[in-house]
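See below for the structure under consideration.
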Amino acid sequence: LAKTTQPISMDSYEGQEVNITCSHNNIATNDYITWYQQFPSQGPRFIIQGYKTKVTNEVASLFIPADRKSSTLSLPRVSLSDTAVYYCLVGERDSSASKIIFGSGTRLSIRP
Amino acid sequence: EPEVTQTPSHQVTQMGQEVILRCVPISNHLYFYWYRQILGQKVEFLVSFYNNEISEKSEIFDDQFSVERPDGSNFTLKIRSTKLEDSAMYFCASSEAGSGREAFFGQGTRLTVV
């Protein structure tokens with residue numbers, strides 16, 4: 001599994017766009033990039049997954065440059081309810097591997 | 001939206017007692033997982049289960065732990081003789097395919113060992 005590095009914490013304000021960057025220098029050809037979100041006292045929740053360029057859904061956008069050695073999760077116009085820990089994971093999408101390993105994540109705090 | 005359900009939401013037990021944490025994964029999912037999260041720490045992988053057997057397990061998942069899918073719908077985690085350090089939030093998860101696919105997590109069981 002490729003190692004990922006992301007900031008320990010970030011602060012922002014309501015209404016701002018928040019970008020969380022994850023480094024994964026050793027990403028393999030078959031690896032996808034996946035982001036999960038975890039609210040306090042809840043289980044992690046899948047947000048978005050991508051392989052290259054840009055992926056967008058109703059929650060976030062994921063930007064992946066051509067070399068795929070990093071990725072950026074973008075949360076548009078955050079609100080207080082976006083306060084959570086965000087995890088970046090890298091691994092094969094269609095592998096039979098059966099464990100998801102979470103790092104320390106990025107603790108995002110949104111202020112009024 | 002389909003969801004993973006866990007019971008109980010909170011369990012208090014005395015040190016040395018056995019506990020069973022229960023989970024109902026999403027019905028068409030094939031992979032099942034247990035994770036734990038000690039207060040203030042990261043989510044730790046315990047075990048994965050596929051095709052009625054353990055696929056992978058971590059160092060945490062020692063002989064005190066066992067998992068079972070007794071009836072085709074429930075997925076249980078048993079801790080035989082609880083220790084104080086087993087106090088944590090335990091999350092069950094399931095996915096259609098392997099770990100690269102979206103995993104759905106339950107709301108967790110908070111286990112307190114006293």
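Quick look at the numbers
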{"item": "Residue in region A:92-99 that is modelled with pLDDT of 95 or more and either touching a His at 6+ places or on another chain (Cβ under 9 Å) or open to solvent by 10 Å² or more (accessible area, probe 1.4 Å) (or both) present", "result": "no"}
{"item": "Filter pass, A:ASP67 being part of a loop (DSSP other than H, G, I, E, B), among the acidic types (Asp, Glu) and either touching a His at 6+ places or on another chain (Cβ under 8 Å) or over 26 Å from B:ALA97 (Cβ atoms) (or both)", "result": "yes"}
{"item": "Among (1) open to solvent by 60 Å² or more (accessible area, probe 1.4 Å); (2) within 12 Å of another protein chain (Cβ to nearest Cβ); (3) free of Cβ contacts under 8 Å to residues at least 60 places away in the same chain - the single one A:GLN49 does not satisfy", "result": "(1)"}
{"item": "Number of the condition not met by A:SER41 [criteria: (1) at pLDDT below 95; (2) among the hydroxyl-bearing types (Ser, Thr, Tyr); (3) not in a loop (DSSP other than H, G, I, E, B)]", "result": "(3)"}
{"item": "Any chance B:PHE91 is under 23 Å from B:GLU59 (Cβ atoms), more than 11 Å from every other protein chain (Cβ to nearest Cβ), among the aromatic types (Phe, Trp, Tyr) and open to solvent by less than 20 Å² (accessible area, probe 1.4 Å)", "result": "no"}
{"item": "Residues that are hydrophobic (A, V, I, L, M, F, W, C), modelled with pLDDT of 95 or more and in contact with a Cys (Cβ under 8 Å, 6 or more places away or on another chain), drawn from region A:1-33", "result": "A:ILE20, A:CYS22"}
{"item": "Selection within region A:1-23 - closer than 28 Å to B:GLY106 by Cα and either among the hydroxyl-bearing types (Ser, Thr, Tyr) or open to solvent by less than 80 Å² (accessible area, probe 1.4 Å) (or both)", "result": "A:ALA2, A:THR4, A:THR5, A:GLN6, A:PRO7, A:SER9, A:MET10, A:VAL18, A:ASN19, A:ILE20, A:THR21, A:CYS22"}
{"item": "Residue check, A:ARG77 more than 9 Å from chain B (Cβ to nearest Cβ), farther than 19 Å from A:HIS24 by Cα, assigned to a loop (DSSP other than H, G, I, E, B) and not acidic (Asp, Glu)", "result": "yes"}
{"item": "Answer residue from region B:101-114, given it is at the interface with another protein chain (Cβ under 8 Å from one of its Cβ atoms) and open to solvent by less than 10 Å² (accessible area, probe 1.4 Å) and is farthest from B:THR5 (Cα to Cα) among those", "result": "B:ALA103"}
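The values are calculated or read from the model by the stated rules, or taken from the named source; none is laboratory data. Note that the structure is a prediction, hence the values are computed from the model and not measured. Cβ: placed from backbone, ideal geometry, glycine included. Neighbour counts: every protein chain shown. Surface areas here come from the heavy atoms of the whole protein model, side chains and all, with no ligands, DNA or RNA. Shrake-Rupley method; radii C 1.70, N 1.55, O 1.52, S 1.80 Å.
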